[in-house]
Amino acid sequence: MTHFGGVTHLHAGLCLALGGIGAALLLHTTADPDLWGHLAVGRLTLAHGLPRTDPFSYTAAGAPFVDHEWLSDLVTYACFRLAGPAGLIGWRLLLLASMLALVAAAVRRARGGPLATVATLTVVVVGTFPWLVTVRPQLYTFVFFAALLLALVRADAGDRRPLACTPALTVLWVNLHGGIVAGLGVLGLWGGLRLAQASAVALGRPLRGVLGRGTPAAGAARMIALVLALHVAAALLNPYGLTLWRFFAETLTVRRAEITEWQPVTPTNLGDLLGLAALAALGLWIATSRRARDPVQLATLGLLVVAALGARRHLALAVIAGAVFGAPHVAEAFAHEAAGSRAGGAPRALLGGTLAVVASLVVAGLGRARCVTIEPGTVPRAAVEYLKAARVEGKLAVLFDWGEYVIWHLAPQVRVSIDGRRETVYSPALLAENAAFLYGRPDWRDGLDRDRVDVALMSPRFAAYERLSAAADWRLAFADASSGLFVRRGSAAEAALARTTPSPASAADALCLGRAG
């Protein structure tokens, strides 16, 4: 078998195949319902400064608004304003490349070869794929989380310079995404356990055996304590100060039964299965490795896995942690990859066939690379275009998932009843009232009548659609496969819509995000 740089044709083919699969997956970008909210808040912040009260709804108008992702919103809008959808795609790919580069650095630092590196990256891509396809602030958390974990691993190996830089990471992270809570939680757990090991030594009762592995020296322990203190100060460097952390404390205890990403993992969810399979693969490498396993790293990884089982949105963090902490064990598993393959021969046809598969995967991915896909039925595009053409103003009762889409296209002329910011703005009482409307409960129209709402945009999947259809003082002004636009009879909105002809309903196929959003 031919060798080049210590890598066989077989290894090169496998690396290319795995890389091609990863590239094809990562080149797909999907619009998340929150995307339009991030664009709208970014646009508003750039024009008028950071909003302190809610500027978008009529139900919570003037309520305190803590935009814990304000910097991410600004960056998202700036990318879109400068380069349109291509700017969003490019920024997303840059963040993903940064995260994968950090994971690769962990494997290479553990003396992992090309196959070990590519295998680890493929496991990470497959295990986190459902969370990588959208343009969301959590992408920053993936990058910073991988960087933090790599700094912890290097500190455990005796190089504490990256750890000393992590407070600067927190200054950015706390202004970009709420994942800073998970990051500081992991840092606190790791630091607390390391300080406990060092304290046991200082008391003359050092931990023995496995529990004592990785015990820092006295000087290293003092540095860890200092870094932890600096992180506390860094976490307060945000526009809201301590108020932001009170907000985090309140929202982390809120039950989100209707939001799927906050639900426990299930064996019927494909994304959950991919994440669990990735964790299983990494766990197998760790369990069967001949290298020593660090108890603090294992405890940290175990806690993340438990958190992931309780809320699927933590699966990605657990997979990233498994890859970084498990890097030495993956490297050990592939340590003899080249030597073990020299005994046999692999036909050149294998490499040629692999290259053909990779090429087809990349070409398929490139065909989607320029498109931020809007899946059919996920936004009320035609109805919103009709409202915009008719220049309707005022209050609009709307579906939770559609609120931010409406805000981006129709604010400030139109204010919404609810949107994806949820507990960031809306009180439990307002959320309960929205649920009563949505599910057609006996008091379904109390909010509509009290707030004098004349327009409602609803999906036929919910009981509110039937309630509005049956109400004598409401009529259906427009409908397509995904939504129905209802208007109160005799209102100014009814007259405005009557003077305007709606555009023909578009096909139900997926759309690409345009420069207008």
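Structure notes:
- In this entry, V107 passes the filter for residues that are assigned by TED's automatic domain parsing to the domain that holds L252, touching a helix residue (DSSP H, G or I) at 6+ places or on another chain (Cβ under 6 Å), assigned to a helix (DSSP H, G or I) and not hydroxyl-bearing (S, T, Y).
- Residue within the stretch 79-102 that is β-branched (V, I, T), modelled with pLDDT of 90 or more, closer than 26 Å to G185 by Cα and part of a helix (DSSP H, G or I) present: no
- Of all residues in the stretch 394-430, those that are among the small types (G, A, S), surrounded by fewer than 24 Cβ atoms within 10 Å (Cβ to Cβ) and not in a helix (DSSP H, G or I) total 4.
- The one condition from (1) surrounded by 18 or more Cβ atoms within 10 Å (Cβ to Cβ); (2) of a type outside the set (D, E); (3) not in a helix (DSSP H, G or I) that R293 does not meet is (1).
- The number of residues in the stretch 35-80 that are basic (K, R) and either surrounded by 24 or more Cβ atoms within 10 Å (Cβ to Cβ) or farther than 25 Å from L252 by Cβ (or both) comes to 1.
- Residues being over 18 Å from E261 (Cα atoms), surrounded by fewer than 23 Cβ atoms within 10 Å (Cβ to Cβ) and of a type in the set (A, V, I, L, M, F, W, C) - total across the stretch 302-327: 1
- Set side by side, the residues V135, V153, V125, V118 differ, and just one is under 9 Å from the mean Cα position of the chain (by Cα) and either modelled with pLDDT of 95 or more or in the same structural domain as V186 (by TED's automatic domain parsing) (or both), which is V135.
- Comparison of S483, S491 shows that the only residue that is crowded, with 21+ Cβ neighbours inside 10 Å, touching a residue at least 24 places away in the same chain (Cβ under 8 Å) and either among the hydroxyl-bearing types (S, T, Y) or within 16 Å of V379 (Cβ to Cβ) (or both) is S483.
- Residue match in the stretch 30-39 (condition: over 23 Å from the mean Cα position of the chain (by Cα), within 30 Å of N434 (Cα to Cα) and assigned to a loop (DSSP other than H, G, I, E, B)): no
- Comparison of R194, R255 shows that the only residue that is at pLDDT 95 or above and of a type in the set (K, R) is R194.
The values are calculated or read from the model by the stated rules, or taken from the named source; none is laboratory data. Since the model is a prediction, treat every value here as computed from it, not as a measurement. Cβ atoms come from the backbone with ideal geometry, glycine included; neighbour counts cover every protein chain shown.
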